[in-house]
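Heads up, the thing below is written out as C-alpha cells.
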Amino acid sequence: MNLLNGLNEPQLAAVTLPPQHALILAGAGSGKTRVLTTRIAWLISTSQARPPTVLAVTFTNTAAKEMLARLSAMLPINVKGMWIGTFHGLCNRMLRAHYRDAGLPQLFQILDSADQLAAVKRLLKSLNVDDEKYPPRELCWFINAQKEAGLRSAAVEAWDDWTKKRVELYAAYEAQCQKEGVVDFAELLLRCYELLERNEPLRRHYQERFKLILVDEFQDTNKLQYRWLKLLAGEGAALFCVGDDDQSIYAFRGADVGNMRDFEREFKVQNLIRLEQNYRSHGNILDAANAIIENNPSRLGKNLWTEAGAGEPIRVHESYSDGDEARFIVEEVKALARDGHARKEIALLYRSNAQSRALEHALFNAGLPYRVYGGLRFFERAEIKHALAYLRLIANENDDTAFARVVNFPARGIGARSIEQLADAAKTQGSSLHGAIPYVTGAGGAKLATFAALIVKLREAAHLPLPELVEHVLDLSGLREHYRNEKEGQERLANLDELVNAAAGFVAEDGVVGEEGELSLDLASFLAHASLEAGEHQAGEGDDALQLMTVHSAKGLEFNIVFICGLEEGLFPHENSLNENKGLEEERRLMYVAVTRARQRLYLCHAQTRMLHGQMRYNLPSRFIEEIPAGLLKFLTARANKSGYAVPTYANEAPVFDSAPRPQKSGGLRIGQNVMHAKFGLGVIVNAEGGGNDARVQINFGNAGMKWLALSVAKLEPV
DNA sequence: ATAGACATTCTTTTT
DNA sequence: GAATGTCTAT
C-alpha cells in the first residue's frame, strides 16, 4: 500500500498498530505529524475505522490545519465527519451543540485573555477591592490555574487569608461570567469536562461515537485536558498519544509531562514506540541539541540520530549591541539570499516578543520582506475588538465586557460618572449593565437610552448575511466615521475593511449552521472563531518573506536556516525562570526546541548590551552556548575581546561610545568590561559609583548573580 | 466630559 | 519604549 511507502520501521509499527492505546515518544523531526496523519488514513482505508469515529486534537490551529490538509491529500473520501481541532475548538463545538445542558446561553461569547483581564478589573472595581493587594493579572492567573486543575471556587482550599479572599473573588468572577453569558479559555475546557462528567447519556453518546482518539503534543496537556480525554475514551476506544517530553515548554500554563507516565499506567499501555531517527537536521545540529538536553535530569530518555552527514558547523556570533546583532543578521541574510536561499526558509527565533522590534527595524531599513508571527494579532487590534464588541452586543446584550468597551466609543458623552451610576443600578437590580439602563436618571440616562436604541437598531439587521451585517455595524456605530477623522486612522480603516473580508470569507464549521428566522448563529460562530483563532493569517502569507517568531510559536515548524537571537543570560534562559521551580530545565527544553528547528544551518547570536525597559543591560553569553561541545562550533567573532568590546562590524555604524552611555573610568575598569573574579567567575561590569578608595562596581556574574564589589578589596582581572 | 499631557509599570512564553 | 492609568486644562 503506497500510504506506507518510505516509513521506517518504528514509524510503520506506530501507523499500523491495531486500534489500541499507544504512546509514541517522538523526537524532534522524527516524522510525528506524518505518523499521526498516516495512521488515520491507514485505519480508514483498511476499514478499521470510519471518519465519524475519529477525533484528533492538537494545541495550535496551525497544527490542526496542517493535519487536515495532509489528510485530505492522502484520503480520497472527505474528512468532514472527523473532529479535528484544538482542545479549545472542540470544547467550544461541543458546548455550542449542548448549550442548554451546559447551562449556557445559546450565543455565549468567549473572552480572550485581554477580555478576561478587563472583566476582572471591572469586577474588582464593582466590589471596591484594592487592586494593589489583588493585582488583576495575578488574579486571572490564579483563577485560570484553579480551572486548569479542575477546581470550581467552592472546591478550592484556601491556605491563607489572602488566598481565601482570592477564592471569594474567583466565586464572584464565576457569577459575573455566568450572568453575562461569557466563558474564558479555561472555562471552555472546564465547562465541557463538567458537561460530560455529569450528563451520562451525553457522555455515552460521545464515547460510543469516538473510537479513535489521537492527541498531538501530548506532553503539553494539562491535568484537566487529560481528564477530559479520559472521559471521552470509553469502552473500545483507542487513545493514540504522540509526544516528546524534551519539548515540553508549557509547564508555565499548567502543562504536566506527568500525564505521559499517568497515561501509560492508567490505560495499561502495551504499545510504547520511540521514534528516534531524525529526518530534519544535519548531524552537528542534532549533536548540539542532544548535548544541551542531556543537562536535564529526569528525562524519559531518548537520543536522536540521523543518517545525514555532519553538515556545517554551528556559527556563533557576538555583537556589541542588539542593533549590531540585527545588522549582522541582515547582512548575513542578504548574502544567503544572493546564494539562492529562499527567504521563507530562514527563520529568526527569539525568546520574547519584545526582541522582534530591533530586528524588524533593521529588516525594514534594509528593505527585506519579513513576516512576524504572534505579537499583535489581527483580532486583537483595538479597532477590531471595538467592532467585534458591537457584534457581540447583537448576539448578547448582557455581555458587559463588550458593553463597557463600546458604550462610549466612539465618544458619545457617556463618561465615568454615568458608567458608575449604571454599574450601581446594575448591582442593585442584579442585572447586566444593559439591563440597568432604564434605572439611570438624568442626562446620563438619556444618553444611555440612545445607546440602547442603537443596539436595538443594530439587532434589527441581525438577519443580514454576515459581511453585510458587519458593514452595517461599522457604519451605524460610527466606528468608520471615527477613524476617518483620526489622523493615524488609515491603517485602522483598512483593518476594518479587512474584517468585512474576513466575515465574507468565513465559513461556519459544520454542525453549527444558522437557521432561518433565528438570531444569526453564523454570527456566534464567527465571534467564536475570532476569539479562538486570533488571526494567524496575515497579509503576505504567500510571499517569500523571512520568518520571525518566538521559540514557543516555532514549535512544530522547521527551516533550512535558523538564527537564534539574544542568547544571553537573563534573556535566554530568562531571568524570571531561574527563580521558578524547574524553570531552568524548561528554558533548556525551549533551547532544544529552538536548535532542532534548523535543517542545514544554525546561527547562535548574542550581544553584549541590549535595551530593555528603555535602559541598557549588560549580559553574558547564554550558558546554553557553553553546553554545546566546542568542536561543533565556529566562532564568527573573537571571543571575549581583550578590550572588552567587540569591534563594530559595519562601516555606517556610529562610533560605539556615542550611542552607548559614556564608559565610566573607575580604577581602569569600564562599564561593559568583562572581568574575572576568583570566586564568582566571569562577569560584566554594569554600573559604578564612588571614586578613589571608595570606588565600587556592580558586576553581573550570570550564574552567581549581581554583586556590588569594592575595588579596593575585590580582585578583578580584566578579561 | 474630554483630550492631551504626564507618570507609571511592564514583558517570558499562549489557547 | 509602549501601553495603560492618572491628572489637568479646556
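5 Å is the cut-off here: which amide hydrogens, built 1.01 Å from N in the peptide plane, fall below it relative to A:Glu568, excluding neighbours closer than 5 in sequence?
A:Ser622
Treating only the Cβ atoms of Lys and Arg (+1) and Asp and Glu (-1) as charged, compute the dipole magnitude of the range A:280-377 about its Cα centre; round to the nearest 20 debye.
Its charge dipole is roughly 500 debye.
Please list the non-local residues whose amide H lies under 5 Å from the amide H of A:Ala56, H modeled 1.01 Å from N, same-chain partners needing a gap of 5 or more.
A:Trp83, A:Ile84, A:Gly85, A:Leu214
Placing +1 on the Cβ of each Lys and Arg and -1 on the Cβ of each Asp and Glu in chain A, which of A:Leu139, A:Gly85, A:Leu25 has its Cα farthest towards the positive end of the resulting dipole?
A:Leu25
Indicate the gyration tensor shape class of the range A:270-309 (rounded, prolate or oblate), computed on the Cα atoms with a ≥ b ≥ c the square roots of the eigenvalues: a/c under 1.5 is rounded; otherwise a/b larger than b/c is prolate and the rest oblate.
Because a/c hits 1.5 or more and a/b fails to exceed b/c, the range A:270-309 counts as oblate.
Using only the Cα atoms of chain A, build the gyration tensor, take square roots of its eigenvalues as a ≥ b ≥ c, and label the shape rounded, prolate or oblate: rounded if a/c is under 1.5, else prolate if a/b is larger than b/c, else oblate.
Note, shape of chain A comes out oblate.
Rounded to the nearest 20 debye, what is the charge dipole size of chain A about its Cα centre when +1 sits on each Lys and Arg Cβ and -1 on each Asp and Glu Cβ?
820 debye
Of A:Gly367, A:Pro438, A:Leu422, whose Cα points farthest to the positive end of the dipole of the range A:337-452 (charges on the beta-carbon: +1 Lys, Arg; -1 Asp, Glu; origin at the Cα centre)?
Result: A:Gly367.
Charges on Cβ only, +1 for Lys and Arg, -1 for Asp and Glu, centred on the Cα centroid of chain A; of A:Val684, A:Tyr350, A:Ala710, which one is farthest towards the dipole's positive end?
Checking the options against the dipole of chain A, the answer is A:Ala710.
Express in whole angstrom the spacing between the alpha-carbon centres of the range A:133-212 and the range A:61-129.
So the separation of the two Cα centres works out to 15 Å.
Check cross-link reach from A:Lys133 to the aspartates and glutamates: straight Cα distance under 18 Å, and skip same-chain residues fewer than eight apart.
A:Asp160, A:Asp161, A:Glu168
When only DSSP loop residues count, what GluC sites (Glu not before Pro) in the range A:214-297 have their Cβ near at most 16 other Cβ atoms within 10 Å?
Counting only loop positions with at most 16 other Cβ atoms within 10 Å, the GluC sites (Glu not before Pro) in the range A:214-297 are A:Glu235, A:Glu276, A:Glu294.
Tell me the GluC sites (Glu not before Pro) within the range A:61-160 that lie in a loop according to DSSP and have at most 16 other beta-carbon atoms within 10 Å.
A:Glu132, A:Glu157
What are the lysines whose alpha-carbon lies under 22 Å from the alpha-carbon of A:Lys707, with same-chain residues fewer than 8 places away excluded?
A:Lys665, A:Lys679, A:Lys715
Going through the range A:266-339, which trypsin sites (Lys or Arg not before Pro) have at most 11 other Cβ atoms within 10 Å and a DSSP loop state?
Counting only loop positions with at most 11 other Cβ atoms within 10 Å, the trypsin sites (Lys or Arg not before Pro) in the range A:266-339 are A:Lys268.
Could you sort the peptides A:577-588, A:380-391 by per-residue average Cβ neighbour count (10 Å cutoff), highest mean leading?
For the peptides A:577-588, A:380-391, the packing ranking is A:380-391, A:577-588.
Need one number: % antiparallel among DSSP beta bridges in chain A, to the nearest 5.
Among the beta bridges of chain A, antiparallel pairing accounts for roughly 35 percent.
With a ≥ b ≥ c taken as the square roots of the eigenvalues of the C-alpha gyration tensor of the range A:559-646, please select rounded if a/c is under 1.5 and otherwise prolate if a/b is larger than b/c or oblate if it is not?
Taking the square roots of the gyration eigenvalues as a ≥ b ≥ c, the range A:559-646 is oblate.
Which links in A:Lys211/A:Lys555; A:Lys230/A:Lys385; A:Lys223/A:Lys555; A:Lys165/A:Lys223; A:Lys121/A:Lys344 stretch past 32 Å when you go from one Cα to the other?
Pairs exceeding the cut-off: A:Lys230/A:Lys385; A:Lys121/A:Lys344.
Measuring from centroid to centroid over Cα atoms, what is the spacing of the range A:262-314 and the range A:373-440 in Å?
Using only Cα atoms, the two centres lie 50 Å from each other.
Values quoted throughout were computed directly from the atomic coordinates according to the rules given, and no laboratory measurement underlies them. Small disclaimer: the values here were computed from a predicted structure and weren't measured. Neighbour counts run over all protein chains shown; Cβ positions are idealised from the backbone, glycine included.
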